[in-house]
């Protein structure tokens, strides 16, 4: 059954791509971490006809930019230095790994807030300020 679903999704995507006209000025970008599984029909001219490999960020500045972009809408603690955090991370982390790190940190922070609410230690006014006024 998963192969049938995959076939239907690829067929629909190909139909949509073929229906685009050059005058529509539409630029379609796709991303995958498994290019070996791409259907060859997707890579024909006029569809996804360019492959660009984006590797693991090697420089500290690049990793810091990724982490900064991922946390731009987060309310971070005053004691958190993203540069120090990047230094503590292994250099082999990808953008997806940093995304996972940020998502897990957010879930852990929410869990701590829930525990504080249940224990009656939660500062609701501070929460309202950060959530609604500090955007």
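The values are calculated or read from the model by the stated rules, or taken from the named source; none is laboratory data. The shown structure was predicted, so the numbers you read here are calculated from the model rather than taken from an experiment. Note that each Cβ is placed from the backbone with ideal geometry, even for glycine, and that neighbours are counted across all protein chains shown.
Brief remarks follow.
- Within the option set 28, 10, being farther than 30 Å from residue 83 by Cβ, touching a helix residue (DSSP H, G or I) at 6+ places or on another chain (Cβ under 8 Å) and not in a loop (DSSP other than H, G, I, E, B) holds for one residue only, 10.
Here is a yes/no grid of residues against (1) part of a loop (DSSP other than H, G, I, E, B); (2) modelled with pLDDT under 75:
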position: 100; (1), (2): no, no
position: 103; (1), (2): no, no
position: 106; (1), (2): no, no
position: 110; (1), (2): no, no
position: 113; (1), (2): no, yes
position: 121; (1), (2): yes, yes
position: 131; (1), (2): no, yes
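- Taking every residue in segment 106-122 that is at negative phi and pairing it with any residue that is not in a loop (DSSP other than H, G, I, E, B), at least 6 positions away or on another chain, the pairs with Cβ-Cβ distances below 6 Å are 122/116.
- Residue 56 more than 30 Å from residue 87 (Cβ to Cβ), assigned to a loop (DSSP other than H, G, I, E, B) and within 19 Å of the chain's Cα centre (by Cα): no
- Checking every residue in segment 42-52 against the condition of being modelled with pLDDT under 85 and part of a helix (DSSP H, G or I) gives at least one match.
- All of 55, 77 fail the test of being within 30 Å of residue 16 (Cβ to Cβ) and free of Cβ contacts under 8 Å to residues at least 24 places away in the same chain, apart from 55.
- Test result for residue 127, assigned by TED's automatic domain parsing to the domain that holds residue 65, modelled with pLDDT under 75 and not in a helix (DSSP H, G or I): no
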